[in-house]
Amino acid sequence: MSLRHAILGFLDLEPATGYTLLQRFEGSVGSFWTATQSQIYRELHALEAAGQVRMTLQPQDGKPARKIYAPTPDGQAALQAWLHQPLEPLQLRDPLQLRLVFSASVAPAELDAMLAAYQDTLLTTQDEYRRRLASPQILSLARSVRERALWTLSVENGIAWCQSQLDWLRRARLRLRRASAAPARQGEAKVRSPRRASAPARRTSRHCRRWPSRRA
């Protein structure tokens, strides 16, 4: 439901079209919450059906009329109720960490290249957040000094998160290089041995062949 309430929050700042809402997401809260155009329009239709937003048509010369959405009193009440609710439990899903857990069989150079590519992505994202923070347009809709501070803090959080990930990546790549250079332990070599892995299968096969004589 957070996407729906975020839409109500943006519309409470200023009535907007669906496309403008997409730009608002990408230009402000994109460091921690993303939305596609189809998701935004789906939620707008649901909000309109629930009586929480109203749509008006704005004529344009030689173009189809623009659909402008604004919150109703019920929508504003729903937004305020959400703002005062306890926070939902954080559900963290990190594709890199999930893949890393199972990457012992990936060649060291290939894994390091993947981490390096992710590091480049983080640097690009961090630079984008810094540009966003320096852009006067990002804070132009702030209605008070306090609201401006809140928006600034949210972007600064994105910058800090990128930095923490970059610091972790540098440590991870260094540790993995050292681990790859270290000689394999004897026990690890036995685990990877194909001969060792096939032995249980042969024992199981002999065990299964004894069952018919017992039933007989």
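Data table
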| quantity | calculated |
| --- | --- |
| Distance in nm between pseudo-label sites at Ser105 and Leu153 (7 Å out along the Cβ direction from Cα) | 4.7 nm |
| Sites Glu26 and His84 - FRET efficiency at Förster radius 41 Å, r taken between beta-carbons, to 0.05 | 0.90 |
| Convex hull of the range 1-127 built on C-alpha atoms - directionally averaged projected area, nm² | 11.4 nm² |
| Interchain or long-range residues, amide H under 5 Å from Arg66's placed H | Gln58, Gln60 |
| Heavy-atom SASA rank of Thr36, Thr152 (probe 1.4 Å, accessible area, largest first) | Thr36, Thr152 |
| Label-point gap, in nm, between Arg177 and Arg146 - each point 7 angstrom along Cα→Cβ | 5.0 nm |
| R0 of 22 Å, Cβ-Cβ distance Ala77-Ala46: FRET efficiency to nearest 0.05 | 0.85 |
| Solution diffusion estimate, µm²/s, Stokes-Einstein, the range 1-64, Kirkwood Rh from C-alpha pairs, 10 °C, viscosity 1.306 mPa s | 128 µm²/s |
| Charge tally in the Cβ shell below 14 Å around Asp74, where Lys, Arg are +1 and Asp, Glu are -1, Asp74 excluded | 0 |
| Peptide ranges 75-87, 18-30 listed from the most packed, as the mean C-beta count within 10 angstrom indicates | 18-30, 75-87 |
| Karplus (6.51, -1.76, 1.60) ³J(HN,Hα), θ = phi - 60°, over the range 8-19, in Hz, Gly and Pro reported as x | 4, x, 5, 5, 5, 6, 6, x, 7, 7, x, 5 |
| Estimated inter-spin distance, Leu169 and Ser135, nm [label 7 Å along Cα→Cβ] | 2.2 nm |
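The values are calculated or read from the model by the stated rules, or taken from the named source; none is laboratory data. Given the structure is predicted, the values throughout are model-derived calculations rather than measurements. FYI the Cβ positions are ideal-geometry reconstructions off the backbone, even for glycines, and counts take in every protein chain you see. In case anyone asks, the SASA skips ligands and DNA or RNA and just uses the protein heavy atoms, side chains included. Shrake-Rupley method; radii C 1.70, N 1.55, O 1.52, S 1.80 Å.
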